[in-house]
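The structure under discussion appears below in the form of structure tokens.
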Amino acid sequence: MNLKQPYIPKMRPQDILMPVPAGLACKPGGFHIDPVRPVERAVITHGHSDHARPGHGAVLATRETLDMMRLRYGDNFARSTQAIAYGEEIRLGDVTVRFHPAGHVLGSAQIAVSCNDTCIVASGDYKDAPDPTCVPFEVVRCDVFITEATFGLPVFHHGNAADEIKKLLASVALFPERAHLVGAYSLGKAQRVIALLRLAGYDAPIYLHGAMEKITRYYESRGVALGDLRMVRGMKKADLAGTITLAPPSATSDVWTRRFPDPVTAFASGWMRVRARARQRGVELPLVISDHADWDGLTATIEATGAGEIWVTHGQEDALVHWCTERGLTARPLDLVGYGDEDDSDAAPADEDAEA
């Protein structure tokens, strides 16, 4: 007897994931990805506070992202949590979910959502550049790729981060009587800058603002070697000459800097490619080091996924959508709100000068 298999129609992407005010909703799976407001079930790409917020019922994320949320928000940031490893597959409702490395920060993940024969990859934030502090980005073949566009303009080329570190070390050698303060976000960027300094052969102690301590020590606990790290608190001003200190960007422009001898202010960010931004922030030594893909990285990744449809979110959406449509791809902006560059929420306020 010849029994025909029942025909299962291919799901339309918008039937699997769709933008709603709370974020990206997966109705057949009963969850949201990186929701911007409390929901019953959240699937989180990484620990930056514009993607990982407290107050959800259940949270599914990598162990590192869950730990990061715990460090930032306390043990009760969600009613329940579940850790998932890279490559592990979980069934949620009518869809399967698999996590893949995003190369953004420790524990960051792309989330592949599959239903019937349709696969959508929500990348969160990602970069394809080498980073000694996290698992490298992995290209995931899919039908629909959801890409960020933080640096989604052709003008953005981040270059080689190692060359930017050479600029920092050259400045330290040139001004041995001055302290160098490097503004860097406390999750991911700070640890990457430290690791790059070590790879460049810099083995002197590196100093940390108090707001950097918890997350940086957590990186070390996960096997990321960062060398001799010391806290600025308690140090004499004269003893900080010729040193490098990592601090949240906001701290490099407040009274906290008075504890340093004639400080050189640096800022490690992809935005430092724009000289006007550096001038606005009073940055003496801009360092173009980004944890996001630049224009070439974004476009190369889109091509590598093989996706015929591209959804673009949080950033310079229009330019990337135009690039995609010029190449025959279906593309649209998602117009999600509430996402942006990593915030500076871990920075100690200026009146904590004695403790930082």
If I go through the stretch 308-331 residue by residue, how many of them are of a type outside the set (Phe, Trp, Tyr), closer than 22 Å to ILE16 by Cβ and within 23 Å of the chain's Cα centre (by Cα)? 7
Scan of the stretch 34-51 for residues that are in a loop (DSSP other than H, G, I, E, B), out of contact with any Lys or Arg (no Cβ under 8 Å at 6 or more places or on another chain) and within 16 Å of GLN110 (Cα to Cα), ordered by number: ASP34, ILE44, THR45, HIS46, HIS48, ASP50, HIS51
Single residue of the stretch 19-33 satisfying the filter (free of Cβ contacts under 8 Å to residues at least 40 places away in the same chain and part of a strand (DSSP E or B)) that is least open to solvent (accessible area, probe 1.4 Å): ALA25
Boolean, VAL113 is buried (at least 24 other Cβ atoms within 10 Å of the Cβ) and among the aliphatic types (A, V, I, L, M): yes
Would you check which residues across the stretch 130-142 are out of contact with any helix residue (DSSP H, G or I) (no Cβ under 7 Å at 6 or more places or on another chain) and either over 21 Å from GLY308 (Cα atoms) or surrounded by fewer than 23 Cβ atoms within 10 Å (Cβ to Cβ) (or both) and list them? PRO130, CYS134, VAL135, PRO136, GLU138
Which members of the stretch 168-182 meet the condition of being under 22 Å from SER250 (Cα atoms) and open to solvent by 10 Å² or more (accessible area, probe 1.4 Å)? SER171, VAL172, ARG178
Within the stretch 52-71, how many residues turn out to be touching a residue at least 40 places away in the same chain (Cβ under 8 Å) and open to solvent by 50 Å² or more (accessible area, probe 1.4 Å)? 2
Just checking, which of GLY107, GLY152 is over 21 Å from LEU187 (Cα atoms), open to solvent by less than 10 Å² (accessible area, probe 1.4 Å) and assigned to a loop (DSSP other than H, G, I, E, B)? GLY152
Scan the stretch 1-14 and give yes if some residue there is modelled with pLDDT under 95, open to solvent by 30 Å² or more (accessible area, probe 1.4 Å) and not in a loop (DSSP other than H, G, I, E, B), otherwise no. yes
I'm checking my understanding of the structure. Among residues of the stretch 72-92 that are part of a strand (DSSP E or B), of a type outside the set (Gly, Ala, Ser) and in contact (Cβ under 8 Å) with a residue 12 or more places away in the chain, which one is nearest to VAL140 (Cα to Cα)? ILE90
Restricting to the stretch 281-302, give me the number of residues that are assigned to a strand (DSSP E or B) and either under 16 Å from GLY315 (Cβ atoms) or of a type outside the set (A, V, I, L, M, F, W, C) (or both). 1
Take the stretch 53-103 and flag every residue that is within 18 Å of the chain's Cα centre (by Cα) and among the charged types (D, E, K, R). ARG53, ARG63, GLU64, ASP67, ARG70, ARG72
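Yes/no per residue for (1) at pLDDT 95 or above; (2) surrounded by 20 or more Cβ atoms within 10 Å (Cβ to Cβ); (3) in contact with a strand residue (DSSP E or B) (Cβ under 7 Å, 6 or more places away or on another chain); (4) assigned to a loop (DSSP other than H, G, I, E, B):
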position	(1), (2), (3), (4)
ALA238	yes, no, no, no
GLY242	yes, no, no, yes
LEU246	yes, yes, yes, no
THR252	no, yes, yes, no
TRP256	no, yes, no, no
ASP262	yes, no, no, yes
THR265	yes, yes, yes, no
ALA276	no, no, no, no
ARG279	no, no, no, no
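Could you list, in sequence order, all residues of the stretch 283-297 that are out of contact with any Ser or Thr (no Cβ under 6 Å at 6 or more places or on another chain) and either at pLDDT below 95 or buried (at least 18 other Cβ atoms within 10 Å of the Cβ) (or both)?
PRO286, LEU287, VAL288, ILE289, SER290, ASP291, ALA293, ASP294, TRP295, GLY297
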Residues satisfying the stated conditions in the stretch 187-226, i.e. part of a loop (DSSP other than H, G, I, E, B) and open to solvent by 10 Å² or more (accessible area, probe 1.4 Å): ALA200, GLY201, TYR202, ASP203, ALA204, PRO205, ARG222, GLY223, VAL224, ALA225
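The values are calculated or read from the model by the stated rules, or taken from the named source; none is laboratory data. Given the structure is predicted, the values throughout are model-derived calculations rather than measurements. Please note: Cβ atoms are built from the backbone with ideal geometry, for glycine as well, and neighbour counts cover all protein chains shown. What goes into the accessible areas is simple: the full protein's heavy atoms, side chains included, and nothing from ligands, DNA or RNA. Shrake-Rupley method; radii C 1.70, N 1.55, O 1.52, S 1.80 Å.
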